[in-house]
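Scroll down for the structure; my scribbles are underneath it.
What follows draws every value from the coordinates through simple rules; no lab data is involved. It should be emphasised that the depicted structure is a prediction, and the values quoted were computed from it without experimental measurement. So basically every Cβ, Gly included, is an ideal-geometry build from the backbone, and we count neighbours across all protein chains shown.
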Amino acid sequence: MRVRQGATLTDLAEKINANPAALVTVLFHLGEMATATQSLDEDTFALLGAELGYNVQIVSPEDEDRELLESFDIDLEPDEDDANLVPRPPVVTVMGHVDHGKTKLLDAIRSTDVVAGEAGGITQSIGAYQVRVNLNDEKRPITFIDTPGHEAFTAMRARGAEVTDIAILVVAADDGVMPQTVEALNHAQAANVPIVVAVNKIDKEGANPDKIRGQLTEYGLVPEEYGGDTMFVDISAKQRLHIDELLEAVLLTADAALDLRANPDIDARGVTIEAKLDKGRGAVSTILVERGTLRVGDPIVAGSAYGRVRAMFNEHGENLTEAGPARPALVLGLTNVPSAGDSFIVAPDDRTARQIADKREAAERAALLAKRRKRVSLENLTDVLKEGKVDTLNLILKGDSSGAVEALEDSLLKIDVGDEVALRVIHRGVGAITQNDVNLATVDSAVIIGFNVRPAERVSEIADREGVDMKFYSVIYNAIEDVEAAMKGMLKPIYEEVDLGAAEIRQIFRSSKFGSIAGSIVRSGIIKRGAKARLVRDGVVINGDLSIETLRREKDDVTEVREGYECGINLGFKDITEGDVIETWETREKPRD
Ligand code: GDP
């Protein structure tokens, strides 16, 4: 008898065709108290199973998924004949302390490989890119994950996606080893990923590369020149010094420490690096092929998203017809947006792809609905806690890209305020907040957090009616602060954001003197000159930090315009288009209760 992780007596009862209440009683006589809807651990199930004559085993979600795929005759770990394996490029993640130059380094590397005549080199940021490096007169590719930092690396690993072969640890020579340097190297070492150290900012006064070597030796990274096996390269990301040497060191380390080979002649399998919803193109995902070759037309499944590869692009914006091992590619054609870290596989046919996706979605939903609790808001969490109604703050996270959602989730889950209250992310996704999210929040008493996204049409009203709390942020740190404060029971909001009104842009006037004027109609409330504003396009916040700089009716400057009237608004922001919504608000002091 097999039950999934987090299963309850009710789940077991259903499987063995028994009455849940009867199982509660049986368990009680065995000396264990549990309700019918409480998740039980393996030992408790084993105890109960022994009494009832079943051998109850708990299956992890991973095992369950593997079994699901096997039921469709998809084997994730087929035996590979050594003869079929060919060398593949290493996949590299850049890590290090904040401000030590990770982003600058990725920029510098991106521009190393600009082939003459190839205008602009890498034109698109698709979440990963490949450059070619000369080593011993041979041009060899290296793949870079374009999200610096160990957060994304760890979040992917947590989902079972081990894409990184080598980590470049950036340490600023004028600063030295810092907390996140150590964190990054711990993560890399835990994942058994070899490290190449880039000692950065050697152009700066006070740079002391030798000190860095000494410091890192204490953490087990012994430089080659001291007899160790870690390559250190002194660079300046800003002045683009020694970038080639660094890339060579990556290849040399890969050759010495790793056997990077894959079979290109089988159905592709790989990982989703990044995914988002694009207005014109639908779900746009960047995938990294781990083995096999992905081709346009292949039916694929990534997490619970599926579809047929309609088109693929590389980081130069060029069309690809196929993508082999370690090749990142932008893929169009999925029906919905997978999460960063979701693995993808090529399915035998469209129907199978869809069935796998549907089954996964059903499994996720079942897991989500496994627990139901009372509704809470960030503000009343402490009261609810006092009454003993809740010990978990359930959150639903929605954001403008899967990377942002992963990062937010990762940071939120790190909040630790002791044992009394835990945090659980019951659902996450990309795009506007939908009615479905609100429904889930109702069932599970969750608070919805929107990161750079807004509710879809009419969803605010539904949330209001259902008493579901929605919070909007554009800075991860602010979200963390609020959630942490709520968990600590210290949230005493003194100021609150009060929505003033919204206007829809109907027409755009370009004026040399005033810039872009948004000819708009006020859809709700009022628009006030000087009010804070955000620009929303299809439910996604394009810019959340604007204000109504000028406001006109006909030719006159006015201080406010009411619902139903037309006006000209200057936001001091150029990227506006017809159909955009300008939402305005002001902060008001909120009386404490
Ligand atoms: P990250 O937080 O690790 O991604 O760091 P950034 O790449 O954003 O760099 C942080 C700051 O350091 C920026 O102001 C960069 O211009 C500066 N910086 C990065 N690399 C160098 C370098 O090699 N030399 C100097 N002088 N400044 C650098």
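Once you wrap a convex hull around the alpha carbon atoms of the range 89-259, what is its projected area averaged over all directions, in nm²?
With every direction weighted equally, the projected area is 9.9 nm².
Measuring from label point to label point, each 7 Å out along Cα→Cβ, what is the Ser524 to Asp350 span in nm?
Going from the Ser524 label point to the Asp350 one covers 3.9 nm.
Counting pairs on different chains as well as pairs 8 or more places apart, how many Lys pairs in the range 89-259 have Cα atoms under 23 Å apart?
12
Determine the gain in length on full extension of the stretch Asp99-Glu162; use 0.36 nm per residue of separation and subtract their C-alpha separation, reporting nm with one decimal.
Working: separation 63, 0.36 × 63 = 22.68 nm, distance 2.56 nm.
Residue separation times 0.36 nm, minus the Cα-Cα distance, leaves 20.1 nm.
Distance in nm between label sites at Ser39 and Phe72, each 7 Å beyond Cα in the beta-carbon direction?
Going by the 7 Å Cα→Cβ label model, 2.6 nm.
Kindly provide the helix-only [θ] at 222 nm of the chain, computed as the sum of -39,500 (n - 2.57) over DSSP H runs of four or more divided by all residues, to the nearest 500 deg cm²/dmol?
Numbers: 15 runs with 163 residues, N = 593.
The helix contribution divided over the chain gives -8500 deg cm²/dmol.
Output the peptides 54-62, 180-188, 522-530 sorted from most to least packed, where packing is the average of other Cβ atoms within 10 Å over each peptide's residues. Don't skip to the answer; put the middle values down first.
On the way: 54-62: 14.2, 180-188: 20.3, 522-530: 18.6.
For the peptides 54-62, 180-188, 522-530, the packing ranking is 180-188, 522-530, 54-62.
Counting only other residues whose beta carbon sits under 13 Å from that of Leu277, what net charge do I get with K and R as +1, D and E as -1?
+1
Starting from the Cα of Leu52, step 7 Å along the direction of its Cβ; do the same at Glu481; then give the gap between the two resulting points in nm.
Here the answer is 5.0 nm between the modelled labels.
Can you bin every Cα-Cα distance in the range 2-59 into 10 Å intervals starting at zero and give me the percent of pairs per bin, rounded to whole numbers?
Percent of pairs per bin, in order: 27, 67, 6.
Which order do the peptides 450-463, 94-107 come out in when sorted by mean C-beta neighbours inside 10 angstrom, highest first? Numbers along the way, then the final one.
On the way: 450-463: 18.7, 94-107: 21.9.
The densest-packed peptide leads the list: 94-107, 450-463.
How much length would be gained if the chain were fully extended between Asn319 and Arg295, taking 0.36 nm per residue of separation minus their Cα-Cα distance, in nm to one decimal? Intermediate values should be presented prior to the final figure.
Values: separation 24, 0.36 × 24 = 8.64 nm, distance 1.15 nm.
Going from the current span to full extension adds 7.5 nm.
For a paramagnetic label modelled at 7 Å from the Cα of Val26 toward its Cβ, which residues of the range 48-71 fall within the zone defined by backbone nitrogen distances under 14 Å?
The answer is 48-57.
I'd like to compare 566-578, 506-518: which one has the highest average count of other Cβ atoms within 10 Å, and what's the full order after that?
In descending order of packing, they fall as 566-578, 506-518.
Would you mind counting up the charge near Arg534? Only other residues with Cβ under 12 Å from its Cβ, with Lys and Arg at +1 and Asp and Glu at -1.
Numbers: positive: Arg454, Lys532, Arg537; negative: Glu497, Asp499, Asp545, Asp580, Glu583.
That sum, taken over residues with Cβ under 12 Å, equals -2.
Can you tell me the length gained on complete extension of the stretch Ser60 to Lys279, counting 0.36 nm per residue apart and subtracting the Cα distance? Show your work: numbers first, answer last.
Details: separation 219, 0.36 × 219 = 78.84 nm, distance 3.65 nm.
That pair, Ser60 and Lys279, stretches by 75.2 nm at full extension.
Using the 2.2 N^0.38 Å rule of thumb for compact globular proteins, work out how the chain stacks up: its C-alpha Rg over that value, please. Walk me through the numbers on the way to the answer.
On the way: Rg = 27.0 Å, N = 593, 2.2 N^0.38 = 24.9 Å.
Dividing the Cα Rg of the chain by 2.2 N^0.38 Å gives 1.08.
Residues with beta-carbon under 12 Å from that of Ala237, excluding Ala237: net charge, scoring Lys, Arg +1 and Asp, Glu -1? List each step's numbers first, then the result.
Working: positive: Lys102, Lys104, Arg110, Lys201, Lys204, Lys238, Arg240; negative: Asp99, Asp107, Asp203, Asp234.
The answer is +3.
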